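The values are calculated or read from the model by the stated rules, or taken from the named source; none is laboratory data. These figures come from a predicted structure and were not determined experimentally. Using ideal geometry, Cβ is built from the backbone for each residue, glycine included, and neighbour counts are taken over all protein chains shown. When the accessible area is computed, the model is the full protein with side chains, heavy atoms only, and any ligands, DNA or RNA have been set aside. Shrake-Rupley method; radii C 1.70, N 1.55, O 1.52, S 1.80 Å.
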Amino acid sequence: FFSNPVHTRALVCPVLNAVDVVCLNSQKNTSHRYAEYAVAPQQQVLELPPNFTLAEGAAIPENFWTVYTNLFDPAFGNLCESPNTKTLLVHGGTGGIGSTAIQLSKAMGVQTVITTVSSPEKMEAAKRLGADVVVNYNTHDFVKEVDIATNGRGADVILCFLGGDYTPRNVTALAKHGRLIQLGLRRGQEVTFDFKQLMNKWGCITGGHLRPRTLEQKELTRNALRKHVMPLWESGVLPPAEILEMDLGEAGESHRMLEESQVIGKIVLKTPQD
């Protein structure tokens with residue numbers, strides 16, 4: 001039993017006519033709630049890697065469904081095609097999504113992963129996660145640092161949850177035929193950038209949320225994780241996410257820590273019987 005991406009707990013349930021411990025991806029009408037148990041369609045359920053604790057499994061669903069879809073699906077990031085020739089830029093590399101993007105991309109063979117963080121401490125954490133180049137955005141211009149790291153080529157894929165004034169800078173940092181994957185708009189949803197610059201690069205902007213996806217689409221992602229990522233977990237090539245376990249009664253404090261960017265990786269809330 002462990003938390004799912006919408007802060008409920010997972011359960012032991014039938015999977016492929018067996019009874020297994022599973023990672024639960026329950027995303028319909030349950031966002032931003034906490035509970036001890038939840039029910040999800042079997043198409044959104046993934047077995048717990050045998051070498052993971054239940055708390056480590058709790059950090060899997062939201063992060064890996066989101067990151068795998070947006071970075072590796074051919075319709076979006078397409079890093080599955082010739083990953084050993086590509087450069088990925090991940091903003092916020094020590095958060096839940098950012099740390100997952102770094103670890104999964106390196107495990108899947110992406111040549112160079114660049115990330116942005118806010119402090120020297122987080123720079124060290126990002127390097128520990130596997131980032132090749134780490135940029136403190138409070139002291140350095142990430143566009144310039146990407147240019148230096150890629151010898152002027154730019155990033156093939158950029159994963160961003162900021163939007164706003166970061167959008168024109170991301171477009172500048174893109175390589176030719178690059179893809180800007182937008183997961184959030186924390187710095188504003190109304191953006192202005194030179195569209196001609198994007199056109200000259202034959203670039204594209206895409207991205208999206210999991211919740212509106214159909215059950216069939218979510219099942220395809222689950223199956224891709226089972227085929228391509230589960231062996232990496234089982235072999236130890238892809239380690240568990242860095243997590244901080246806290247009691248459910250500390251949910252308010254956990255939100256404060258997240259809002260103040262004090263967390264590396266994920267927070268997992270434990271219920272009293274854990």
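Between residue 255 and residue 199, the distance separating the two model label sites (each 7 Å from Cα on the Cα→Cβ line) works out to 4.5 nm.
Counting only protein heavy atoms and a probe of 1.4 Å, the accessible surface of the chain is 53% carbon and sulfur. Using a simple spin-label model with pseudo-atoms 7 Å out from Cα toward Cβ, residue 111 and residue 177 lie 1.2 nm apart.
Shown here for the range 217-274: GluC sites (Glu not before Pro) in loop regions (DSSP other than H, G, I, E, B) with at most 10 other Cβ atoms within 10 Å, namely 260. The solvent-accessible area of residue 211, taken with every protein chain present and a 1.4 Å probe, is close to 110 Å².
The convex hull around the C-alpha trace of the range 38-182, projected and averaged over every direction, spans 9.8 square nanometres. When 123, 199 are compared by accessible area of protein heavy atoms, the largest-first order is 199, 123, using a 1.4 Å probe.
Applying the criteria of a DSSP loop state and at most 11 other Cβ atoms within 10 Å to the GluC sites (Glu not before Pro) of the range 32-114 yields 81. Helices meeting the span-like rule in the chain (full DSSP H runs, Cα extent of at least 15 Å along the helix axis, mean Kyte-Doolittle score of -0.5 or higher): 61-72, 96-107. Heavy-atom accessible surface of the range 115-274, averaged per residue, reaches 55 Å², computed with a 1.4 Å probe.
Each label point was placed 7 Å from the Cα along the Cα-to-Cβ direction; for residue 127 and residue 169 their separation is 2.2 nm.
The calculated FRET efficiency for residue 82 paired with residue 34, based on their beta-carbon distance and R0 = 41 Å, is about 0.45.
If R0 is taken as 35 Å, the Cβ-Cβ distance between residue 151 and residue 186 corresponds to a FRET efficiency of 0.70.
Shape analysis of the range 65-116 places it in the oblate category; the axes a ≥ b ≥ c from the Cα gyration tensor give an a/c of at least 1.5, with a/b not above b/c. Once all protein chains are placed together, residue 228 keeps about 80 Å² accessible to a 1.4 angstrom probe.
Legend: residue pairs 218/266; 122/196; 127/227; 106/144; 106/196, Cα-Cα distance threshold 29 Å; pairs beyond threshold, 122/196; 106/196.
Need one word for the range 197-264: rounded, prolate or oblate. Basis is the Cα gyration tensor (sqrt eigenvalues a ≥ b ≥ c); a/c below 1.5 gives rounded, then a/b vs b/c decides. It is oblate, given that a/c is not under 1.5 and a/b is not larger than b/c.
Normalising by the residue count of the range 39-112, find the relative contact order in percent from Cα pairs under 8 Å and 6+ residues apart. 24 percent.
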